[in-house]
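*Asks:* Before I ask anything, let me first share the structure, which is written out below as structure tokens.
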Amino acid sequence: MTDLGGFQDHVARVDLSSGDVQYQGVDEEDAKKYIGARGLGVKYVFDQGPDVDPLGPDNLLAFMNGPLTGTQVTMSGRIAVVTKSPLTGTVTDSHHGGWSGARLKWAGFDGLLFEGQADKPVYALVEDGEVELRDASHLWGQGVHEFRESILDEVEGQYGKNLSFMAIGPAGEKGVKFSCIMNEDDRSSGRGGTGTVMGSKNLKAVVIKSSTKMPKPKDPETFKKGHQQAMQVIQESDVTAPNEGGLSLYGTNVLMNATEEMDGLPTRNAKFTSTSSEAEAMPDDLNIDSEKVSGENVRENILVDEPTCHSCPVACKKEVEVSVMHKGEEMNVRMESYEYESAWALGPNSMNDDRDKVAVMIDQCNNLGMDTIEAGNMLAMAMEMSEQGKLDEGIEWGDVETMIDMLEAIGHRDGELATELGEGPDRFADMHDGHDNSLAVKGQTMAAYDPRCMKGMGIAFATSNRGACHLRAYTPAAEILGIPEKVDPHDWEGKGQLTAAFQDLHAISDSFDICKFNAFAEGIEEYVLQYNGMTGLDVTEEDLLEAGERIYTLERYYNNLVGFDGTDDSLPVRFLEGDEGIPGQGGSEGELVELEEMKTEYYEHRGWVDGVVPDEKLDDLGIDIGPGTGVSSGTAPADD
């Protein structure tokens, strides 16, 4: 039980096998140590046991909000979905914005914990502190957009007023390993296959009914000071200032032109570091221009609205409307959001610069419930393997018509190649000798930041606890934007320590749960004031940073118990020195990633031994659960 401010002290544990729903409070010691959302969710998943089958009944699927979710705190509309990933085998957490996280808090919950497997499709209706399981057999097979309309026939409510949902599409139902969970506004818990876990449990959706009931801060004066300070720095930031900053004007896709210009935009399955470098090296081949899919181009030509999330003045979501012809059929799409990573994976990395058809493909993935980054990277991987003659049924670079058809086929597991691609990069590589074509780390592919240009992204991708990820440690903040201070993106020294600092900071914000974009303006000082003000605690900056380290270390400890160690903290071979390395071009001419040097620096800073958390480190951080790793500081990991 807890009486900390920001908590409802109410968690539902739902056994889908039996249909039983039990309610429990939040352990206050756990709340203090792991904050909430991501941190507390990882604790629940850890307690379930790291040896569970990701697609078995014992795997826990946790929908968690944090103590700041759904409050007046700026950008506090986030929710974390935490589970063991069927794509990577690691613990994973995947977040989305909009209103579903806030509405879950307002409906009286800190979290929903699903275990077991229903014998037929169901959805969970959440209202007034209670969870009811309802038959979803008639909804199974529907895309997310059809479900959005169908559920209104049986749950009275209005989107944007008192109704939200989190649902899977056909991809999650059919076990595509990179399926995601979508909400009513096409915001996605996109990475790690959370939707696959949901589908394995025969859980179609979580539907939430609640009007606005924002929690009150325990210490109003401290909260007011922190909130005012946070609003001031957000309004003064060149990145986040409403209607002025780059993120507010162009959304995340403000980065497309920036990374292109610095030769940090992976192109043609990351063989090249920009579209211009590809064109210079291969003038007689297919050439594209990344500017055509940039945020500036989108705003000028197809933008129709700029919706936002709960308590967010930045409004980074860019809603677009397009009409295209596909094989003689007109396709009219209005969708949000034309995100940078999605546009890159389905655009330059696949050698496509058709702006409007990128929008169509993002919308397809949203409706199917499928991670746009993984889907686009799988297509790029298949294109490269086709070029090398590794596939009987191939895809040509930039063949957008086939891309559209293949996405639909992957989402429905229709056809041999589509079914194989739906297994994710590691399994697909095993089938076709394609590991040198993969952009994956620990089974999940990277996002739109070339580590040959941004060395911080190299060590961040490698040491991410959920597979290659730009959001575990967003080093481009420093390497591109100069936040908190500018560092040379090509230098490797200091990047291990920088990455660890960002990992801990983002573990904090993910556990509050607030948007990472606040970190473009806010810092630990604003975090402490708002957290203390809401909860009534009196933590210091050092206390909060230690909590971030504790959360990140717990995740690494979980992965160690599964069997991961420093050998898994690697990168695709094309980024590394050696016969298969492909040096960067243009502004990144000759660059490769000094990964081993950065890993040494990183492990030393973390106090880990070859990627394994020593038992002494667990003790230091107060992680007193599980068997320990059996590794001591200054020794090598024990043999299995």
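The values are calculated or read from the model by the stated rules, or taken from the named source; none is laboratory data. Here the structure is a predicted model, which is why all the values come from computation and not from measurement. So basically every Cβ, Gly included, is an ideal-geometry build from the backbone, and we count neighbours across all protein chains shown. The accessibility values were calculated without ligands, DNA or RNA, using every heavy atom of the protein model including side chains. Shrake-Rupley method; radii C 1.70, N 1.55, O 1.52, S 1.80 Å.
*Asks:* Give region 58-76 a look and list any residue that's in contact (Cβ under 8 Å) with a residue 60 or more places away in the chain and touching a strand residue (DSSP E or B) at 6+ places or on another chain (Cβ under 9 Å), or say none. Outline the logic, then answer.
*Replies:* Taking region 58-76 as the starting set, the residues that turn out to be in contact (Cβ under 8 Å) with a residue 60 or more places away in the chain are 59, 61, 63-76.
The answer is Asn59, Leu61, Phe63, Met64, Asn65, Gly66, Thr69.
*Asks:* Which numbered condition trips up Ile582, out of (1) part of a helix (DSSP H, G or I); (2) open to solvent by 10 Å² or more (accessible area, probe 1.4 Å); (3) over 30 Å from Leu247 (Cβ atoms); (4) in contact with a helix residue (DSSP H, G or I) (Cβ under 6 Å, 6 or more places away or on another chain)?
*Replies:* Single failed check for Ile582: (1).
*Asks:* Residue under question is Asn257, and the condition is that it be without any contact (Cβ under 8 Å) to a residue 40 or more places away in the chain and touching a helix residue (DSSP H, G or I) at 6+ places or on another chain (Cβ under 9 Å); does it hold?
*Replies:* Details: without any contact (Cβ under 8 Å) to a residue 40 or more places away in the chain: yes; touching a helix residue (DSSP H, G or I) at 6+ places or on another chain (Cβ under 9 Å): yes.
Yes.
*Asks:* Please work out which residue is nearest to Leu104 (Cα to Cα), limiting yourself to region 307-361 and to residues that are open to solvent by 40 Å² or more (accessible area, probe 1.4 Å) and acidic (Asp, Glu).
*Replies:* This residue is Glu321.
*Asks:* While we're here: What number of residues within region 481-505 satisfy the criterion of being farther than 15 Å from Gly264 by Cβ, surrounded by fewer than 20 Cβ atoms within 10 Å (Cβ to Cβ) and among the charged types (D, E, K, R)?
*Replies:* Total satisfying the criteria: 2.
*Asks:* Just to be sure before I move on: is Thr88 open to solvent by 10 Å² or more (accessible area, probe 1.4 Å) and closer than 29 Å to Met378 by Cα in the structure I sent?
*Replies:* Details: open to solvent by 10 Å² or more (accessible area, probe 1.4 Å): yes; closer than 29 Å to Met378 by Cα: yes.
Considered against the rule, which asks whether it is open to solvent by 10 Å² or more (accessible area, probe 1.4 Å) and closer than 29 Å to Met378 by Cα, Thr88 comes out as yes.
*Asks:* Residues being over 21 Å from Met370 (Cα atoms) and in contact with a Gly (Cβ under 7 Å, 6 or more places away or on another chain): count how many of those fall in region 113-145.
*Replies:* Qualifying residue count for the region: 3.
*Asks:* Residue check: is Ala473 in a loop (DSSP other than H, G, I, E, B), free of Cβ contacts under 8 Å to residues at least 40 places away in the same chain and touching a Phe, Trp or Tyr at 6+ places or on another chain (Cβ under 9 Å)? Steps first, answer last, please.
*Replies:* Values: in a loop (DSSP other than H, G, I, E, B): yes; free of Cβ contacts under 8 Å to residues at least 40 places away in the same chain: yes; touching a Phe, Trp or Tyr at 6+ places or on another chain (Cβ under 9 Å): yes.
Spelling it out, Ala473 is indeed in a loop (DSSP other than H, G, I, E, B), free of Cβ contacts under 8 Å to residues at least 40 places away in the same chain and touching a Phe, Trp or Tyr at 6+ places or on another chain (Cβ under 9 Å).
*Asks:* On to the next question. Here's a check for you: in region 287-299, which residue that is assigned to a loop (DSSP other than H, G, I, E, B) and in contact (Cβ under 8 Å) with a residue 24 or more places away in the chain is surrounded by the most Cβ atoms within 10 Å (Cβ to Cβ)? Working first, answer last.
*Replies:* We begin by selecting, within region 287-299, every residue assigned to a loop (DSSP other than H, G, I, E, B); these are 287-289, 294.
Among the residues that remain, those that are also in contact (Cβ under 8 Å) with a residue 24 or more places away in the chain are: 288-289, 294.
Values: Ile288: 22, Asp289: 14, Ser294: 25.
Residue satisfying both the conditions and the ranking: Ser294.
*Asks:* Any idea which residue in region 43-57 is surrounded by the fewest Cβ atoms within 10 Å (Cβ to Cβ), counting only those that are in contact with a strand residue (DSSP E or B) (Cβ under 6 Å, 6 or more places away or on another chain) and not in a loop (DSSP other than H, G, I, E, B)?
*Replies:* Looking at the filtered set, the residue picked out is Tyr44.
*Asks:* So which residues in region 300-324 are in a helix (DSSP H, G or I) and over 13 Å from Ala359 (Cβ atoms)? Break it down into steps so the answer makes sense when it comes.
*Replies:* Let us first name the residues in region 300-324 that are in a helix (DSSP H, G or I), namely 300-301.
The answer is Glu300, and nothing else.
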